[in-house]
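Taking it in order: structure first as structure tokens, then the write-up.
The values are calculated or read from the model by the stated rules, or taken from the named source; none is laboratory data. Note that this is a predicted model, so its numbers are computed, not measured. So basically every Cβ, Gly included, is an ideal-geometry build from the backbone, and we count neighbours across all protein chains shown.
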Amino acid sequence: MDRFKNQRGLTLVEILLVVMIIGIIAAMVVPNIAGRGEEARFLIARTDIEANLASALDMYELDNGRLPTTEQGLNALIVEPVTSPVPNHWKGPYLKKKRIPQDPWGRPYVYRFPGEQNPAGYDLMSYGSDGIESEDDITNWAVAGSEVE
């Protein structure tokens, strides 16, 4: 206890100085972050579509020789399908978190196999912020969803 006798606390001026410094830093950082929420959501959806879900679908196809049908959906990445065609070598779950992610706007991703836009593969998309099929969709094909507005 004797070692604490010579120590003193922070003065009010020192505390105010620290608070001011934190305020100045916040004033510089917040404007740079503000307005980036929609861009961040777009990038999350793009990553899910082009990397996370695409990798899981690739692994499913490697194990089973085919992709899940539209009816089996992305749920086939988590739970072994029991509807035809039943996979012979299902080794899932194929997603680490063992759940199908929703898009950043809280809606399910849209999956179709065979794809309408990718007839030899699958279509995977998020309807974006408006929740309807439109220009802001994020897709796994090149035409739509390639720009952030």
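General remarks:
- Residues being assigned to a loop (DSSP other than H, G, I, E, B) and either crowded, with 18+ Cβ neighbours inside 10 Å or of a type in the set (A, V, I, L, M, F, W, C) (or both) - total across segment 116-128: 4
- Thr70 touching a Lys or Arg at 6+ places or on another chain (Cβ under 7 Å) and under 15 Å from Phe113 (Cβ atoms): yes
- Answer from Asp63, Asp58 - the residue that is of a type outside the set (S, T, N, Q) and over 26 Å from Asp137 (Cβ atoms): Asp63
- Note on segment 111-140: among residues that are more than 16 Å from the chain's Cα centre (by Cα) and hydroxyl-bearing (Ser, Thr, Tyr), the one that is nearest to Pro68 (Cα to Cα) is Tyr122.
- Summed over segment 72-104, residues that are assigned to a loop (DSSP other than H, G, I, E, B) and under 12 Å from Asp48 (Cβ atoms) total 6.
- The set of residues from segment 52-73 being in contact with a Phe, Trp or Tyr (Cβ under 8 Å, 6 or more places away or on another chain), surrounded by fewer than 17 Cβ atoms within 10 Å (Cβ to Cβ) and closer than 14 Å to Asn88 by Cβ comprises just one member, Asp63.
- Any hit, segment 80-87, residues being of a type in the set (Val, Ile, Thr) and under 18 Å from Trp141 (Cα atoms): no
- Some residue of segment 50-62 being under 22 Å from the mean Cα position of the chain (by Cα), farther than 28 Å from Gly131 by Cβ, modelled with pLDDT of 90 or more and among the hydrophobic types (A, V, I, L, M, F, W, C): yes
- Listed by first and then second residue, the pairs with beta-carbon distance under 7 Å, at least 6 apart or on different chains, first residue in segment 77-100 and exposed (fewer than 11 other Cβ atoms within 10 Å of the Cβ), second polar (S, T, N, Q) and not in a loop (DSSP other than H, G, I, E, B), are Asn88/Asn64; His89/Asn64.
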